[in-house]
Amino acid sequence: MTSYVFITGGVVSSLGKGITSACLGAILESRGLSISMIKLDPYLNVDPGTMSPFQHGEVFVTADGTETDLDLGHYERFVRTTTGRDSNFTTGRIYESVIGKERRGDYLGATVQVIPHITDEIKKSVKKGAGDADICLVEIGGTVGDIESLPFLEAIRQMGIELGHDRVVYVHLTLVPYIATSSEIKTKPTQHSVKELRSIGIQPNILVCRSEQVLPSEHRKKIALFTNVQEAAVISAYDVDDLYKIPAMMKDQGLDEIVAKQLGLDLPPADLSEWDSVVMAKQNPDSEVNVAMVGKYVDLRDSYISLSEALLHGGIHTRTRVNIHYIESQDIENKGVDCLRGMDGVVVPGGFGDRGIEGKIAAVRYARENNIPYLGICLGMQVAIIEAARNLAGLEGAHSTEFVRGTPHPVVALITEWETEAGEREERSEDSELGGTMRLGAQKVSLLDGSLVATVYDKKEIYERHRHRYEVNNNYRDSLEKAGIRFSGLSVDDLVEMIEIPDHPWFVASQFHPEFTSNPRDGHPLFTGFILATRHHHSGEMPKVAQA
């Protein structure tokens, strides 16, 4: 039977509930347990797919094509689990399901209420998402005390009663601030946060206390006394210089052992040797490179969190310190490409809307003309196609119909019908709703024999995750091929998935998002290959073709 660990947060948001959940999952997994992970989000959106990156950060896409919270990216980077549709539930999705049942008459004329109907739906969803895992870690988004999170907290309170406290653990993450003007550590916010949690019937078993420095023993004792938590279960989650050190930090304080004892589990000791190797490789590089990420949402780094981590993973697996320089694409439009000088590689990530597009195109041209390693992701491939069409194929005014409806050369356009991995046909049009109408999830890509990407992946077929509406227009493939573009990856229905330039040292772009399948222990061949190319560029030894 599955046991549950519920992770809540208090005092302020963005304390790191997702990282805490993922790291605890990593430790428990290393002790031989199978782990599933769920994120419950209190907002009314059905999913985060239509939310601005400036408000919510990255939208993480799962293998089954679900648009989810970025915390699921943390889960997959730390735990060898594959999340999916049943790993992320929002208030909007819960209410949508309940209202649908009410309209069908499933409740047999009952008055539909938050308790029991909404809470029952939440519990049902959590149990479905848990599957047959030994332990399911469930993170509740938001902060204790928020109105919108109350149904989720009530549901997990009920689960503690129904399943028994030998199958449920409550972990509460709080802030213990340091007041510099008085040189004091303040425990009162944590005390009040736990008081708020207890007022709705949940007594936490473990407190994870975020702080700048290690929490002194006397403060841990004080917190334990006023929150009715054992002192050993007051975990000091102090700031570290590398998030991949956190599993070891939590293990050293016995977090996993407390959970195991609460659940009555007799487990072998944790083996974090893989994480030790990751930290060792990251902290002992033998080379250093500078990579420009030219994006539209660089003011909020969480917008590109999976891509940033994937680049660092490439560094870990090549013993390279990767310095990422986040460059606003509009700045290139306004000030030119001088900000790219001295860069060893250029990355152009995905995005939506026409803001900053010409800056991205200029960045592609700079990388191509100066033989700088280039990696384009999603929109980064489309702008590479536009740049090549204009400046190599001589197609003046070439553009994407996403940005210029009346372009004389629509080298990127809306594809209205495509085939899924399951062989089913999906359709969309300009009138389709924005939510859930993109080409989403893992799909097969066939790689061209002898191409750079086939060498990098060392495979003929790969599966990568997608999130886009617009595709390369196949009517222009011949013209672009004659101009020097190699179409090195194609979908099952002949859509362009990858391109490269054979006459460039390392110029690769993909329609899919390889960053969603990268993790620190295994890396990802595309990012490893790209970072190797930047190393060669940095050393002045850039070969004709850089291979992973």
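The values are calculated or read from the model by the stated rules, or taken from the named source; none is laboratory data. All values reported here derive from a predicted model rather than from experimental measurement. Counting neighbours? That spans all protein chains shown, and the Cβs are built from the backbone with ideal geometry, glycine included.
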Item to complete: Being aliphatic (A, V, I, L, M) and in contact with a helix residue (DSSP H, G or I) (Cβ under 7 Å, 6 or more places away or on another chain) is the filter here, so list the residues in the range 31-63 that pass it.
Response: Ile35, Met37, Ile38, Leu40, Leu44, Val46, Val59, Val61
Worksheet entry | helices (runs of 4 or more DSSP H) completely within the range 158-258 that count 2 or more residues being at pLDDT 95 or above, among the hydrophobic types (A, V, I, L, M, F, W, C) and over 19 Å from Ser13 (Cα atoms) | 217-227, 246-252
Practice prompt. Sort out which residues of the range 125-150 are surrounded by 21 or more Cβ atoms within 10 Å (Cβ to Cβ) and assigned to a helix (DSSP H, G or I), and write them in order of number.
Written response: Val126, Gly129, Ala130
Worksheet item: Do we have Tyr326 as under 20 Å from the mean Cα position of the chain (by Cα) and surrounded by fewer than 22 Cβ atoms within 10 Å (Cβ to Cβ) here?
Response: yes
Worksheet item: Within the group Arg319, Arg301, which residue is touching an Asp or Glu at 6+ places or on another chain (Cβ under 8 Å) and surrounded by fewer than 24 Cβ atoms within 10 Å (Cβ to Cβ)?
Response: Arg319
Worksheet item: With the range 418-494 as the region, which strands (runs of 3 or more DSSP E) entirely inside it contain at least 2 residues that are at pLDDT below 95?
Response: 425-427, 439-447, 461-468, 470-472
Practice prompt. Any chance you could count how many residues in the range 495-516 are over 18 Å from Thr528 (Cα atoms), in a strand (DSSP E or B) and touching a Lys or Arg at 6+ places or on another chain (Cβ under 8 Å)?
Written response: 1
Worksheet item: When you go through Ile122, Ile94, Ile27 one by one, which is the residue that is assigned by TED's automatic domain parsing to the domain that holds Val259, more than 22 Å from the chain's Cα centre (by Cα), crowded, with 21+ Cβ neighbours inside 10 Å and touching a residue at least 60 places away in the same chain (Cβ under 8 Å)?
Response: Ile122
Response to the item:
Scanning the range 282-326 for residues that are over 15 Å from Ile377 (Cβ atoms) and among the hydrophobic types (A, V, I, L, M, F, W, C) gives Val289, Leu300, Leu312, Ile316, Val322
Worksheet, complete the sentence: The strands (runs of 3 or more DSSP E) lying entirely within the range 290-400 that contain at least 2 residues which are β-branched (Val, Ile, Thr) are 320-328, 345-348
